[in-house]
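Structure first, then comments.
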Amino acid sequence: MQTTVQDAFALAARHEADGRRADARAIYEQILAAIPEHPGALLRIAEQEIDSGAIDAAQALLVRALQAAAAQSLPAHEILLAAGRAHLARGEREAAIAAVVQALASTPPSTAIAAKLGDLARDAGGFDVAEQCFRIASTHDIARMHALGKAQKAAGAFASARATLEQC
């Protein structure tokens with residue numbers, strides 16, 4: 001019985017969830033051997049590179065992942081989130097915020113991704129962008145409403161922060 005790419009990707013994700021990153025990486029590399037521009041495998045390897053501090057390697061993979069996602073008309077929110085993380089790891093705050101803005105310019109991200117984008121924008125000092133992300137995320141998540149209030153407070157928008165936190 002042959003394993004599909006989807007099954008292999010799911011197995012790799014389970015390995016990662018179980019802390020077996022090397023096993024996951026081997027599967028992602030096998031996927032790339034079969035489909036060199038698989039955006040998901042490129043993204044997951046890039047995330048491992050970011051975590052290990054290999055930012056140059058991560059950024060090269062993320063450029064490929066973005067191109068592949070665009071060519072396949074796939075959403076790129078997670079790829080842009082990783083790109084923002086890579087920029088922030090380098091201290092490139094404006095580039096990190098720009099990645100978040102780019103993610104918001106396409107189709108709306110999921111609640112979970114919007115929240116992660118908001119955290120990234122806040123960490124990079126982009127409080128207005130963080131607020132935008134947290135507003136998207138907070139439509140269904142009270143914890144993210146709280147994060148929005150904290151981001152507003154950090155930006156000095158005390159009246160807005162108070163109103164948001166009162167809504168919580």
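The values are calculated or read from the model by the stated rules, or taken from the named source; none is laboratory data. Nothing here was measured: the structure is a model prediction, and the numbers come from that model. All Cβ positions, even for glycine, are placed from backbone atoms using ideal geometry, and neighbour counts span all protein chains on display. What goes into the accessible areas is simple: the full protein's heavy atoms, side chains included, and nothing from ligands, DNA or RNA. Shrake-Rupley method; radii C 1.70, N 1.55, O 1.52, S 1.80 Å.
Ignoring solvent entirely, what values of log10 I(q)/I(0) come out of the Debye formula for the stretch 11-101 at 0.18, 0.21, 0.23 Å⁻¹ when each Cα is a single scatterer?
Log-scaled intensity ratios, in q order: -0.77, -1.00, -1.14.
For the stretch 6-101, which whole percent of the accessible surface, found with a 1.4 angstrom probe, sits on carbon and sulfur atoms? Can you show the working numbers first?
Working: 2610 of 4800 Å².
That fraction is 54 percent.
Under the Karplus relation 6.51 cos²θ - 1.76 cosθ + 1.60, θ = phi - 60°, what is the ordered set of whole-Hz ³J(HN,Hα) values for the stretch 10-27, x standing for Gly and Pro?
5, 5, 4, 4, 5, 4, 4, 4, 8, x, 9, 5, 5, 5, 4, 4, 4, 5
Most mobile of ALA83, ALA17, ALA54 per a Gaussian network model of the chain (Cα springs, under 10 Å)?
Sorting by GNM fluctuation, first place goes to ALA17.
Could you derive backbone 3J(HN,Hα) for the stretch 82-90 from the dihedral phi with the Karplus parameters 6.51, -1.76 and 1.60 (θ = phi - 60°), listing whole Hz in sequence and x where the residue is Gly or Pro?
These are the phi-based 3J(HN,Hα) values: 5, 4, x, 4, 5, 4, 5, 4, 8 Hz.
Two decimals is fine: what is log10 I(q)/I(0) at q = 0.09, 0.14 Å⁻¹ for the chain, from a Debye sum with one equal scatterer on every Cα and no solvent?
Summing over Cα pairs of the chain leads to -0.34, -0.76.
Go through the stretch 16-118 and name the GluC sites (Glu not before Pro) that are in a DSSP coil and have 14 or fewer other Cβ atoms within 10 Å of their Cβ. Write out the running numbers ahead of the final one.
Working: sites: GLU16, GLU29, GLU37, GLU47, GLU49, GLU78, GLU92, GLU94; in loops: GLU37, GLU92.
Those that pass, being in a loop and sparsely packed, are GLU37.
How big is the accessible area of THR3 in square angstrom, nearest 10, if you roll a 1.4 angstrom probe over the protein chains?
Approximately 100 Å² of THR3 is accessible to the 1.4 Å probe.
What does the extension gain come out to for ALA143 and PHE158, with contour length at 0.36 nm per residue minus their alpha carbon separation? Let's see the in-between values first.
Values: separation 15, 0.36 × 15 = 5.40 nm, distance 1.86 nm.
Difference between extended and current length: 3.5 nm.
ARG14 to VAL63: extension gain in nm, 0.36 nm per residue of separation minus the Cα-Cα distance?
On the way: separation 49, 0.36 × 49 = 17.64 nm, distance 2.53 nm.
Contour length minus Cα-Cα distance gives 15.1 nm.
In sequence order, what are the phi-derived ³J(HN,Hα) couplings for the stretch 104-109 according to the Karplus relation 6.51 cos²θ - 1.76 cosθ + 1.60 with θ = phi - 60°, rounded to whole Hz, with x for glycine and proline?
Residue by residue, the stretch 104-109 yields 6, 6, 8, 4, x, x Hz.
On average, how much accessible surface per residue is there in the stretch 113-168, in Å², for a 1.4 Å probe, leaving out ligands, DNA and RNA?
Details: 2890 Å² over 56 residues.
Value for the stretch 113-168: 52 Å² per residue.
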